[in-house]
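Handing you this structure, nothing more for now.
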Ligand SMILES: C[S@@+](CC[C@H](N)C(=O)[O-])C[C@H]1O[C@@H](n2cnc3c(N)ncnc32)[C@H](O)[C@@H]1O
């Protein structure tokens, strides 16, 4: 795979933020089209996995246009959505998602220690410059016993499925994305999976940040992955 759409580490923060500002108007449409609605099924599975519900105060980290925030709110949780891209947050507000939205950086959360009971994060891990500082911030803002669910894409390991997935993800998605939204962004998004460490390393980084009962599971033959954990009570 040619990794020509990936920014250098130094450029990543600014270029990813600018990219999400650009694609915000068509972000929801593209997500539903690209995954045939599976993205929402995976988001629901994520909040099911940590039992988000009434009485929870949930941080939706890198909330984008607020899909996870909305699903959590529908289950009776009070939700804070945080993202660094103003246009993505604007999209969430335009949709009327019942949450408080804050513009900010995932490595410097504007929340006090132990402020939330659960945190969710959808399809954003590969966009952070580094994961350890983000996981440490999550551990800081979660109350004892707090749960976390981190969802992202993955690539199947079975060779035939991997080839089919790669054809779709690396060829079709950039083509359709280029026609309907932004060619450069939809070339970056599939390639950015290379930023994701293997599952054991993801689990170890979350454990080192202070989380217990860390679990990693693959969904739809490895097209998506979910990392969960909880802070000791
Ligand atoms: C692929 S979108 C996912 C949006 C949403 N969570 C979802 O499920 O559709 C990734 C989001 O991560 C945000 N993001 C990336 N790095 C960030 C950072 N350091 N701090 C805050 N938000 C960040 C981007 O602005 C973008 O909205």
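Here's a check for you: in the stretch 39-49, which residue that is touching a residue at least 40 places away in the same chain (Cβ under 8 Å) and closer than 22 Å to residue 144 by Cα is farthest from the ligand (Cβ to nearest atom)?
Per the criteria, the residue is 49.
With 68, 89, 59 as the choices, which residue is more than 9 Å from the ligand (Cβ to nearest atom), in contact with a strand residue (DSSP E or B) (Cβ under 9 Å, 6 or more places away or on another chain) and on the phi < 0 side of the Ramachandran plot?
59
Another question, then. Consider residue 32 carefully, then state whether it is over 25 Å from residue 137 (Cβ atoms) and at pLDDT 95 or above.
no
Right, next: Given the structure, is residue 52 farther than 20 Å from residue 153 by Cβ, within 13 Å of the ligand (Cβ to nearest atom), in contact with a helix residue (DSSP H, G or I) (Cβ under 8 Å, 6 or more places away or on another chain) and touching a residue at least 12 places away in the same chain (Cβ under 8 Å)?
In short, no.
Could you list, in sequence order, all residues of the stretch 121-142 that are within 19 Å of residue 69 (Cβ to Cβ) and either within 13 Å of the ligand (Cβ to nearest atom) or in a strand (DSSP E or B) (or both)?
Residues satisfying the conditions are 121, 122, 123, 124, 125, 127, 128, 134, 137, 138, 142.
Quick one: would you say residue 35 is buried (at least 17 other Cβ atoms within 10 Å of the Cβ), within 28 Å of residue 175 (Cβ to Cβ) and more than 10 Å from the ligand (Cβ to nearest atom)?
Spelling it out, residue 35 is indeed buried (at least 17 other Cβ atoms within 10 Å of the Cβ), within 28 Å of residue 175 (Cβ to Cβ) and more than 10 Å from the ligand (Cβ to nearest atom).
May I pose another question? Give 60, 54 a once-over and let me know the one that is exposed (fewer than 14 other Cβ atoms within 10 Å of the Cβ) and modelled with pLDDT of 95 or more.
Checking each option against the conditions leaves just 54.
Let me ask you something else. Out of the residues in the stretch 71-85 meeting the condition of being in contact with a strand residue (DSSP E or B) (Cβ under 6 Å, 6 or more places away or on another chain) and more than 9 Å from the ligand (Cβ to nearest atom), tell me which one is nearest to residue 22 (Cα to Cα).
Here the answer is 80.
Tally up the residues in the stretch 200-214 that are surrounded by 14 or more Cβ atoms within 10 Å (Cβ to Cβ) and in contact (Cβ under 8 Å) with a residue 60 or more places away in the chain, please.
6
What number goes with the only condition from (1) surrounded by 23 or more Cβ atoms within 10 Å (Cβ to Cβ); (2) out of contact with any helix residue (DSSP H, G or I) (no Cβ under 6 Å at 6 or more places or on another chain) that residue 79 does not pass?
(2)
Touching a residue at least 24 places away in the same chain (Cβ under 8 Å), outside any helix (DSSP H, G or I) and out of contact with any strand residue (DSSP E or B) (no Cβ under 8 Å at 6 or more places or on another chain), is that true of residue 197?
In short, yes.
Here is a list of conditions, (1) more than 14 Å from the chain's Cα centre (by Cα); (2) surrounded by fewer than 23 Cβ atoms within 10 Å (Cβ to Cβ); (3) without any contact (Cβ under 8 Å) to a residue 40 or more places away in the chain, and residue 109 meets all of them except one; can you say which number that is?
All conditions are met except number (3).
The values are calculated or read from the model by the stated rules, or taken from the named source; none is laboratory data. Note that this is a predicted model, so its numbers are computed, not measured. Note that we place each Cβ from the backbone using ideal geometry, even for glycine, and neighbour counts take in every protein chain shown.
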